[in-house]
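What follows is one structure encoded as structure tokens, with my remarks underneath.
The values are calculated or read from the model by the stated rules, or taken from the named source; none is laboratory data. Just so we're clear, the structure is a prediction, and the values are computed from it rather than from any experiment. Neighbour counts run over all protein chains shown; Cβ positions are idealised from the backbone, glycine included.
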Protein chains: 2
Amino acid sequence: MNVKKKRALSLLTGALMGLGMASSAYAQTSLEDVMKDRGLTQKDLLAAAKTYTPSGGRDEYLAFSSGGQSGHVIVYGVPSMRILKYIGVFTPEPWQGYGFDDESKAVLAQGRIDGKDIKFGDTHHPAFSETKGEYNGRYLFINDKANPRIAVIDLHDFETKQIVVNPFFRSAHGGAFVTPNTEYVMDAAQYAVPFGDDFVPLEEFNEKYRGGLTYWKFNDKVGRLEPENSFTFEMPPYSQDLSDAGKGPSEGWGFTNSFCSERYVGGIERGRPPFEAGCSQKDTDFMHVTNWKKAAELVAAGKVKKVNGSYLITMEQAVKEGIFFLIPEPKSPHGVDVSPDGTHIIVSGKLDSHAWVYSWEKIKKAIEAKKFEGKDPYGVPIIAMKDALHTQVQVGLGPLHTQYDAKECVVYTSIYVDSMVTKWNYCEGKVLDQLHIHYNVGHLVAMEGDSASPDGKYLIALNKLAIDRFNPVGPLHPQNHQLIDISGDKMQLLYDMPLPLGEPHYVVAIKADKLKPVVRYKTGWNSRADKKSEFKTRAGREKTVRDGNKVDVYGTLIRSHITPEIIEVEEGDTVSLHFTNLERAQDETHGFAMYGQNVNLSIEPGKTVSATFKAEKAGVYPYYCTEFCSALHLEMQGYLLVKPKGYKAKAGKIAEGTKYTKADYDKQVKTNVDTQAVIDSVVAFITSHNYKDFSTVVDLVTDATDQLGFAAEAKKKSEGFAAKGDYQNATLWAGQHWQYQVKTADLGLRAKTHLEENGAKKVK
Amino acid sequence: MNVKKKRALSLLTGALMGLGMASSAYAQTSLEDVMKDRGLTQKDLLAAAKTYTPSGGRDEYLAFSSGGQSGHVIVYGVPSMRILKYIGVFTPEPWQGYGFDDESKAVLAQGRIDGKDIKFGDTHHPAFSETKGEYNGRYLFINDKANPRIAVIDLHDFETKQIVVNPFFRSAHGGAFVTPNTEYVMDAAQYAVPFGDDFVPLEEFNEKYRGGLTYWKFNDKVGRLEPENSFTFEMPPYSQDLSDAGKGPSEGWGFTNSFCSERYVGGIERGRPPFEAGCSQKDTDFMHVTNWKKAAELVAAGKVKKVNGSYLITMEQAVKEGIFFLIPEPKSPHGVDVSPDGTHIIVSGKLDSHAWVYSWEKIKKAIEAKKFEGKDPYGVPIIAMKDALHTQVQVGLGPLHTQYDAKECVVYTSIYVDSMVTKWNYCEGKVLDQLHIHYNVGHLVAMEGDSASPDGKYLIALNKLAIDRFNPVGPLHPQNHQLIDISGDKMQLLYDMPLPLGEPHYVVAIKADKLKPVVRYKTGWNSRADKKSEFKTRAGREKTVRDGNKVDVYGTLIRSHITPEIIEVEEGDTVSLHFTNLERAQDETHGFAMYGQNVNLSIEPGKTVSATFKAEKAGVYPYYCTEFCSALHLEMQGYLLVKPKGYKAKAGKIAEGTKYTKADYDKQVKTNVDTQAVIDSVVAFITSHNYKDFSTVVDLVTDATDQLGFAAEAKKKSEGFAAKGDYQNATLWAGQHWQYQVKTADLGLRAKTHLEENGAKKVK
């Protein structure tokens, strides 16, 4: 029956014989036929050409979207609009092992509220780290509105590294926005609460409930926020909303809008008009202007007191120091957007039809001249609208958020009620173009749109309703992000992209080549702490250590086995599994799941992760690699045996299910020799070409060489057993030798194909 | 300052004035320019035309993919390859409120292992419910490999309704596969374990460890599996893998492949060759053939005993009754695929280069003639390969899974090691075409490929490695599903689709028009139990009920307020919130999140959900609607006040932050009158056209009429207060009146635009 192995070999040697056939006579149907069949117009075809990205192609931009109450960050490519990754941030996510391994559990534990694990987040506004107002591609920050937290994602591996909890707020819609050199991350409260842990009745809302704005200090060197060096502006209970940091002439200042400056407290259940009525009664709310540079100096000078361990700049102090002002803004706004050059600020109120353009020069003059129209009930100086405003432009009903184009003075504003995008000129105050979208747009994102030098090119409308845009999938609809070409005078709708999980609020998009993520970790790496893991293990050093009823297993994973394959513990033991992925090959992630114990790990090449659980019940617990990592992935398995307390093993050893003889051994050896000949021929092909010019092939060759190294070890063992006449073990190790050869051949063939498909040349 | 309202009105009346501009002069850049810029070939353009789906377009097929260890099911459209929905199945998912509301927690609780909540699943093989072998579009089943469970998803709302735990297994890779009329759902074990809860040492592996195959009884009328009427075949410890049910002539039979029939137990940590070596030594494994019809009759006749409350057909009984046979199959297979007409079965072994085609007629003959080549160590009769085989075809190195075309005898097999798809003819046994894919393909899916009448058209390769296909996103790569056009003689690669979350294993694809999901629930619906909720509430009937220290809140949500807006409880109370979404409009989902309590709900139109928590700590807990449901979404808020035990409220009531006078009231009334005039003009436009021919518009008009109804109520209240001289409340209610008008206008404008864009005609 060895005929099959022989056939395998013949296929290897004659590899890919069929492919010649496939390359010819491609266009069986004409483009016109396809367009007719699918009802596509010329305009559709143009949009298709502008978005379609062939296999292996790259997107020009990567968009990072909040996931809303999914608690994730969503990464997608522009213009292909293909979603590349969901990053677990505030919500455990098992594919990534996030919230399952001990290391990431420690990150989530930083976000506990009152000692309680919080199992979701309401992510809203992602922001890139910046250098001189430009995205530097190093970090992403994102807030949780429901529980006032900010997370730090490292863009070198797309993992969440840190979560901080706001010391004062109990909601935080208004994060994250960064200062031009990522000195601080801005995070505003939303719903006013009494600062501190106390219960305060709503009767004392005006006196004791407060809003605020936290400036989180960021340490760029270590990539972490520093709560101990952060400070918060105490603010009136005005529902502070979004923020933006000044740039250029306005650098050092921050701008934060608000709604419900009426300070209305609803109670429809007791006959009162609801919040929505009382919070939208006044014609204007307040833009909050803060001077963070001066605030930081006060903190540095020891002039700011700590409350509950955190710096709190009281309203009284802020007013006294001249670092906090209010300016009327259109009511119920959502978005305060500083122009790339820092000279203007645009605010839109959802219940106004105008975008308001403020002049920083005017604001600054008013502040310097101490020209105020009065003070609010909390003593905060109010700059008159006329002393701050550049112009008001009628842009549509329900204007919301503005993004800046690369073209001077050109901006795009989302229009919620009218379901459209308005393109307009904020210098001259005139509308240039309008485009319908589907439906009820929230925020917009233009490429590098929040940076000091926006790229324009594409605009994405984050539509809150999808309704009839896609095939129906039940009462809960996807969101709809619509890609718009803004390179010409007229906006052109290119693509509707459903968001299948989460309810995004805000997106930031970065030039893809600014990101340089790694594909593997240093061996034995704790990725969450960014350091060598104390639990790392090397091949051959795997061990199990018992200390009382605590058992530590130091194991490894490599195609296609887990070491150890049998773990024995006793009922009641606390077990910590520590696994290192020994692979160096790109994309060779191994997973690890175990029955009944909530153990589920994702272990990327080089990573070391741990899982701790209590073996509460005697029994047999299979475990296995969850990632389809090789042809023998299903055989990458093992057993945890939880023995009853005081269990005494009977004499005897594992009986082999199948016995092997010298004939079996010889047969396997023959196969291995033949397979090696095939590998040699593939190697000869590769080395006879300029393969070193192809980094993909170099990586494959490195990986293949590793596998062949393992093969040599297995061969040696096999021969050793054969010499002793132990054909059982000799045959099995010879089989293992063959397994490594198959892996080598897999890689070699992939390398050969890559060379053939990419025009490699023969070398002399 | 009422100028803004006036401008809003002028915009409403002159609505969409700018849009005329946008419709002309579209093609600013030519197709050729775009292709050149983006480096697209003619072949790329053709692929773009075959996949691009314009805004509002529909996909022809919906693919349902497992999410692997993400624990979800992923739904995407074909050919657009846009992901439409992630359905939470075994893993809590907050966007859907899955695992957060009491109702869905109850579903997840059905899947507990040893009383423990399991927080993930390793979903593998989805399967549609069938009628006469055809997908009927009603239900989807999916397994969890890590913890042996099967879930039922109802396709009328895309929600998970039931989870059942296998009574014998401790892993279950081999589900779900359905019999032709969904009588049963097949679910095979993977890693052998001792049945029952006992610890059994590995020394007794051959004697006491067992594999198996469960036939879960499905009750089509209520859409639930019936554990009490299900039965399991006890099987040798051979690592049973995938299954398929017979059809046509083979109906009544099931086929299950296996690997490691060597019954090898590894132990690399103790010097033994690893599982991968010992489990791939024999040239063949066993296909398991079971007769479920006869087994069901035995169960019905009371001839099968229950073990731990579940029917278990022992090997001895199965052999005696002639309902269980083995046939050699290529080693380490993954996939056993019955032809649409039920006459052939194809199995591929990943370590063989051949696909093996079995003839059901031959197998049946051998069974009827009791012609066996022997028995396995457990007494199960073995049918000789030659007595079962139709042909063997060399398809490539590492063949894995086969899908059937609409064309007779044409199939597609994934080739893992060679990274390709082979198209071949299984009747004549010849290869027709081969196509490279990127990289290391696992399963394939053809449209309706597992049904009795496959559609062909498209094939999707589920590639396990993405490596260099997409922009890099860190060490953990997306998966890559490659769409292939199989309508012609040659396969044509159309599209690379990254999977951003999860590691899919298997996909099934159904004709989209077979699905008829609802867009709203009956009002007050418990969607998980498919019945009216006992906690449903109607508008105006909201209430809070205290019973000892248990507080039940019966509330409602509608644009843009939550009733109640203030909830008062005492420290230590157990609070149950029950919310009904009063909306009838499509896509008008409301969310509900609360600070610090892990309360996070998704409440689609009509749904009633509950959240129960203990108010452990006195304080102020803001809550809000998480879905951006209207312009005043941010104002859809409230406060939970947890009062210290024994707290006595001081006299006094909420002081208004802003006071309103008769002048404010008059101003608001004027605005409302003007807004009403605008609404009337929009209504006049709509009713003067054949709007009833547009279902979208009819829905919008219904919704707008509802909102206007609320407006009338608010107006009445406002006038009532004004008559009493209470201008505070009169103004606020007048404001609320305007809020409803704005919502009405939003809907009216959307309806008007829809009519204009879709060629509505004037009616006489």
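Picking from A:686, A:654, which residue would you name as being surrounded by 14 or more Cβ atoms within 10 Å (Cβ to Cβ), under 26 Å from residue B:277 (Cα atoms) and in contact with a Leu (Cβ under 8 Å, 6 or more places away or on another chain)?
A:654
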Q | Set A:62, A:40, A:31, A:46: member being surrounded by fewer than 18 Cβ atoms within 10 Å (Cβ to Cβ) and among the hydrophobic types (A, V, I, L, M, F, W, C) | A | A:31
Q. Based on what the data block shows, is residue B:442 within 9 Å of another protein chain (Cβ to nearest Cβ) and surrounded by fewer than 24 Cβ atoms within 10 Å (Cβ to Cβ)?
A. yes
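Checking the conditions here, which among A:167, A:201, A:126 is surrounded by 24 or more Cβ atoms within 10 Å (Cβ to Cβ) and more than 20 Å from residue A:293 (Cα to Cα)?
On the way: A:167 fails: surrounded by 24 or more Cβ atoms within 10 Å (Cβ to Cβ); A:201 fails: surrounded by 24 or more Cβ atoms within 10 Å (Cβ to Cβ).
Answer to the selection: A:126.
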Q.
Take the residues in region B:262-288 that are surrounded by 24 or more Cβ atoms within 10 Å (Cβ to Cβ) and among the small types (Gly, Ala, Ser); name whichever of them is modelled with the lowest pLDDT.
A. B:280
Q: Assess whether residue A:228 counts as being within 27 Å of the chain's Cα centre (by Cα) and away from chain B (no Cβ under 14 Å).
A: yes
Q | Unmet requirement for residue B:498, which otherwise passes all of (1) touching a residue at least 40 places away in the same chain (Cβ under 8 Å); (2) closer than 28 Å to residue A:78 by Cβ; (3) surrounded by 24 or more Cβ atoms within 10 Å (Cβ to Cβ); (4) within 11 Å of chain A (Cβ to nearest Cβ) | A | (1)
Q: Would you point out the residue of region B:88-109, among those that are touching a Ser or Thr at 6+ places or on another chain (Cβ under 7 Å), closer than 17 Å to residue B:603 by Cβ and of a type outside the set (D, E, K, R), that is farthest from the other protein chains (Cβ to nearest Cβ)?
A: B:107
Q: Find the residue count for region A:614-648, including only residues that are within 17 Å of residue A:581 (Cβ to Cβ) and either at the interface with chain B (Cβ under 8 Å from one of its Cβ atoms) or not in a loop (DSSP other than H, G, I, E, B) (or both).
A: 11
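May I ask you to verify whether residue B:643 is out of contact with any helix residue (DSSP H, G or I) (no Cβ under 9 Å at 6 or more places or on another chain), surrounded by 15 or more Cβ atoms within 10 Å (Cβ to Cβ) and among the charged types (D, E, K, R)? Can you show your working first?
Numbers: out of contact with any helix residue (DSSP H, G or I) (no Cβ under 9 Å at 6 or more places or on another chain): yes; surrounded by 15 or more Cβ atoms within 10 Å (Cβ to Cβ): yes; among the charged types (D, E, K, R): yes.
Judged against the criteria, residue B:643 is a match.
Yes or no, residue by residue, for (1) at pLDDT below 95; (2) out of contact with any Gly (no Cβ under 8 Å at 6 or more places or on another chain); (3) part of a strand (DSSP E or B); (4) over 30 Å from residue A:634 (Cβ atoms):
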{"site": "A:501", "(1), (2), (3), (4)": "no, no, no, no"}
{"site": "A:505", "(1), (2), (3), (4)": "no, no, no, yes"}
{"site": "A:509", "(1), (2), (3), (4)": "no, no, yes, yes"}
{"site": "A:534", "(1), (2), (3), (4)": "no, yes, no, yes"}
{"site": "A:540", "(1), (2), (3), (4)": "yes, yes, no, no"}
{"site": "A:551", "(1), (2), (3), (4)": "no, yes, yes, no"}
{"site": "A:562", "(1), (2), (3), (4)": "no, no, yes, no"}
{"site": "A:568", "(1), (2), (3), (4)": "no, yes, yes, no"}
Q) Taking region A:385-405 only, how many residues are within 14 Å of chain B (Cβ to nearest Cβ), under 15 Å from residue A:344 (Cβ atoms) and of a type in the set (D, E, K, R)? A) 0
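Go over the candidates A:319, A:299, A:357, A:304 one by one and state the one that is β-branched (Val, Ile, Thr) and either under 18 Å from residue A:242 (Cβ atoms) or in contact with a Ser or Thr (Cβ under 6 Å, 6 or more places away or on another chain) (or both). First the steps, then the outcome.
Values: A:319 fails: either under 18 Å from residue A:242 (Cβ atoms) or in contact with a Ser or Thr (Cβ under 6 Å, 6 or more places away or on another chain) (or both); A:299 fails: either under 18 Å from residue A:242 (Cβ atoms) or in contact with a Ser or Thr (Cβ under 6 Å, 6 or more places away or on another chain) (or both); A:304 fails: either under 18 Å from residue A:242 (Cβ atoms) or in contact with a Ser or Thr (Cβ under 6 Å, 6 or more places away or on another chain) (or both).
Criteria check complete, one pass: A:357.
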(Q) Go through region A:141-193 and report how many residues are more than 23 Å from residue A:297 (Cβ to Cβ), more than 8 Å from every other protein chain (Cβ to nearest Cβ) and in contact with a helix residue (DSSP H, G or I) (Cβ under 8 Å, 6 or more places away or on another chain). (A) 5
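Pick from region B:656-696 the residues that are among the acidic types (Asp, Glu) and without any contact (Cβ under 8 Å) to a residue 60 or more places away in the chain: which of them is farthest from the other protein chains (Cβ to nearest Cβ)?
Residue satisfying both the conditions and the ranking: B:680.
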Q: Show the residue pairs that are 6+ apart or on different chains and have beta-carbon atoms under 6 Å apart, the first residue being within region A:301-321 and over 13 Å from residue A:195 (Cβ atoms), the second being surrounded by fewer than 16 Cβ atoms within 10 Å (Cβ to Cβ).
A: A:319/A:379
**Q.** residue A:1 at pLDDT below 95, part of a loop (DSSP other than H, G, I, E, B) and surrounded by fewer than 18 Cβ atoms within 10 Å (Cβ to Cβ)
**A.** yes
Q.
What are the pairs with Cβ atoms under 7 angstrom where one residue, in region B:271-286, is more than 7 Å from chain A (Cβ to nearest Cβ) and the other, located anywhere, is among the small types (Gly, Ala, Ser) and in a loop (DSSP other than H, G, I, E, B)? Sequence gap at least six, or different chains.
A. B:272/B:266; B:285/B:261; B:285/B:332; B:286/B:261
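Among the listed residues B:382, B:460, B:367, identify the single one that is buried (at least 24 other Cβ atoms within 10 Å of the Cβ), more than 9 Å from chain A (Cβ to nearest Cβ) and β-branched (Val, Ile, Thr).
On the way: B:382 fails: buried (at least 24 other Cβ atoms within 10 Å of the Cβ); B:367 fails: buried (at least 24 other Cβ atoms within 10 Å of the Cβ).
Going through B:382, B:460, B:367 in turn, the sole match is B:460.
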**Q.** Cβ-Cβ under 8 Å pairs, at least 6 apart or on other chains, region B:99-125 side within 24 Å of residue B:508 (Cβ to Cβ), far side surrounded by fewer than 24 Cβ atoms within 10 Å (Cβ to Cβ) and among the polar types (S, T, N, Q)
**A.** B:107/B:162; B:110/B:162; B:120/A:598
Q. Free of Cβ contacts under 8 Å to residues at least 40 places away in the same chain, small (Gly, Ala, Ser) and within 7 Å of chain A (Cβ to nearest Cβ) - does that describe any residue in region B:56-74?
A. yes
Q) Does residue B:638 satisfy the criteria of being over 27 Å from the mean Cα position of the chain (by Cα), surrounded by fewer than 23 Cβ atoms within 10 Å (Cβ to Cβ) and either modelled with pLDDT of 95 or more or of a type outside the set (Phe, Trp, Tyr) (or both)? A) no
Q: Mind listing just one residue for me: the one in region B:406-433 that is crowded, with 24+ Cβ neighbours inside 10 Å and farther than 26 Å from residue B:134 by Cα and, of those, farthest from the other protein chains (Cβ to nearest Cβ)?
A: B:415
